[in-house]
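To start, the structure itself, in structure tokens.
The values are calculated or read from the model by the stated rules, or taken from the named source; none is laboratory data. In this text the structure is predicted, and so the values were computed from the model without any measurement. Counting neighbours? That spans all protein chains shown, and the Cβs are built from the backbone with ideal geometry, glycine included.
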Amino acid sequence: MKKTLAIVAAALTAASVTLPVSAHRAWILPVATVLSSDDPWVSFDAAISNDIFHPDYHAMRLDGVQAIGPDGQPVELQNSHSGKHRSNFDLNLAQPGTYKVYSASAGLSARWETADGERKFWPGRGERPDPEGFKKNVPMDGKNLQITQGSRRLETFVTAGAPSTTALKASNVGLELVPVTHPNDLYAGEAATFTFLIDGEPAVGAEVAVIPGGSRYRDAQAEIKLSSDDKGQVSIDWPQAGMYFLEAEYSDDRAEAPATSRRGTYTATFEVLPL
Amino acid sequence: MLKRVTRLLPLSALALAGAVQGQTLEVDLGIPRLQVAEYHKPYVALWVAREDNSVAANLAVLYDVELKDEEGEKWLKDMRQWWRRSGRSLDMPIDGLSGATKGPGEHRLVFSDRVADLAPGEYRLMVEAAREVGGREMLEVPFQWPPQKTLEAAASGDEELATVKLILAP
């Protein structure tokens with residue numbers, strides 16, 4: 001299992017990690033996010049499902065899931081297991097501070113048509129969107145060629161002792177969330193502010209949806225819809241304590257050549273505590 | 001790292017220290033007797049909060065200090081308001097702050113050193129209790145420091161705390 005994280009950007013472009021392409025939601029759910037004691041452990045579920053945090057569809061593959069500790073160094077996932085509907089793993093919070101658990105990928109994708117009108121796309125299912133594959137497979141003179149620079153990122157956060165921010169530093173690749181309010185310092189009745197970045201710049205107008213967990217025990221999704229402001233920020237009023245799923249999407253046409261558009265998705269799990 | 005745990009000083013010693021130092025802050029901490037199948041003494045944190053919720057002084061944190069490997073610290077976060085405002089930034093145990101849990105009944109706690117540096121102003125005594133396989137409850141009693149006259153103020157809980165009385169004398 002590849003665990004090195006030397007240069008995040010390199011790992012991302014190599015896209016050894018791809019999140020499952022699906023209409024379903026992928027999520028990593030910690031059992032708790034705020035921990036005390038000198039050496040706490042925390043367990044996680046990871047799955048892809050329709051209902052938030054209700055594993056009923058596919059276990060998430062863990063080979064793309066990584067963790068980074070309060071010192072910015074990788075932390076190994078322990079006791080990993082994949083069941084029918086969910087994967088589990090543990091994290092030992094051996095040092096105080098905030099840990100980020102994430103899965104991220106970024107790379108180019110392309111669509112075009114052949115001379116006789118057949119629609120083509122790259123990368124195909126199971127193909128890695130690496131630069132070599134792109135060069136080999138995408139005809140730069142293809143008819144109606146559209147090249148997209150895409151990114152996906154999935155995160156959650158846990159803290160032993162006082163929250164810290166080293167693990168929350170942006171990689172400046174794709175769509176990311178950086179805190180104004182610390183993601184492990186969230187309370188019902190207190191608004192939280194987060195900044196979205198696209199390739200390190202404020203992502204203005206990102207579409208954000210926040211959904212409380214437990215949707216299978218109510219009739220509506222109870223989605224909170226927001227759009228990031230000109231600083232890339234959103235302010236979230238948590239209606240009650242609990243686990244929350246956040247998804248954000250951003251796209252524009254300010255891509256680096258040869259791409260003509262860029263698109264990023266970001267999802268995260270947050271725990272909101274009662275005051 | 002060697003960590004030492006000392007219980008809160010005996011009341012007589014504290015009271016004596018207080019008498020030398022000047023003002024004391026006394027708390028009668030009421031722990032209710034509960035009819036439950038599995039009873040554990042509650043963890044209780046007592047602190048002095050400023051009006052903006054920041055912590056002016058930690059008074060006592062009562063938890064399972066005797067458990068091996070500092071196991072008891074695992075549940076300190078359940079006193080979630082105290083954990084947020086102060087506990088998460090402390091390296092427990094702390095001499096004179098960490099203390100053993102207390103059972104049902106009234107317990108007189110007397111603080112002098114811990115309030116010696118309180119600047120004059122408006123404060124709240126905060127008492128937060130969390131019990132294993134039980135609930136969590138927090139009470140607050142507003143007061144002014146230093147006390148101009150003898151003050152007795154109290155708040156009463158419904159679940160995890162009985163009456164918490166604050167006694168101040170000029």
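Assorted remarks:
- Every residue from the stretch A:27-61 that is over 13 Å from residue A:97 (Cα atoms), modelled with pLDDT of 95 or more and hydroxyl-bearing (Ser, Thr, Tyr): A:43
- Tally, over the stretch B:105-139, of residues that are surrounded by 14 or more Cβ atoms within 10 Å (Cβ to Cβ) and either aliphatic (A, V, I, L, M) or over 27 Å from residue A:186 (Cα atoms) (or both): 17
Okay, residues lined up against (1) within 14 Å of chain A (Cβ to nearest Cβ); (2) of a type in the set (S, T, N, Q); (3) within 21 Å of residue B:106 (Cα to Cα); (4) surrounded by fewer than 22 Cβ atoms within 10 Å (Cβ to Cβ):
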| residue | (1), (2), (3), (4) |
| --- | --- |
| B:28 | no, no, yes, yes |
| B:39 | no, no, yes, yes |
| B:46 | no, no, yes, no |
| B:56 | no, no, no, yes |
| B:68 | yes, no, no, yes |
| B:76 | yes, no, no, no |
| B:89 | yes, yes, no, yes |
| B:93 | yes, no, no, yes |
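- Any hit, the stretch A:107-117, residues being in a strand (DSSP E or B) and within 14 Å of another protein chain (Cβ to nearest Cβ): no
- Filtering the stretch A:224-235 for residues that are assigned to a loop (DSSP other than H, G, I, E, B), within 14 Å of chain B (Cβ to nearest Cβ) and out of contact with any strand residue (DSSP E or B) (no Cβ under 6 Å at 6 or more places or on another chain) leaves an empty set.
- Condition check for residue A:203: buried (at least 19 other Cβ atoms within 10 Å of the Cβ) and more than 26 Å from residue A:96 (Cβ to Cβ): yes
- Extreme residue, nearest to residue A:95 (Cα to Cα), among residues of the stretch A:111-159 that are β-branched (Val, Ile, Thr) and touching a residue at least 60 places away in the same chain (Cβ under 8 Å): A:159
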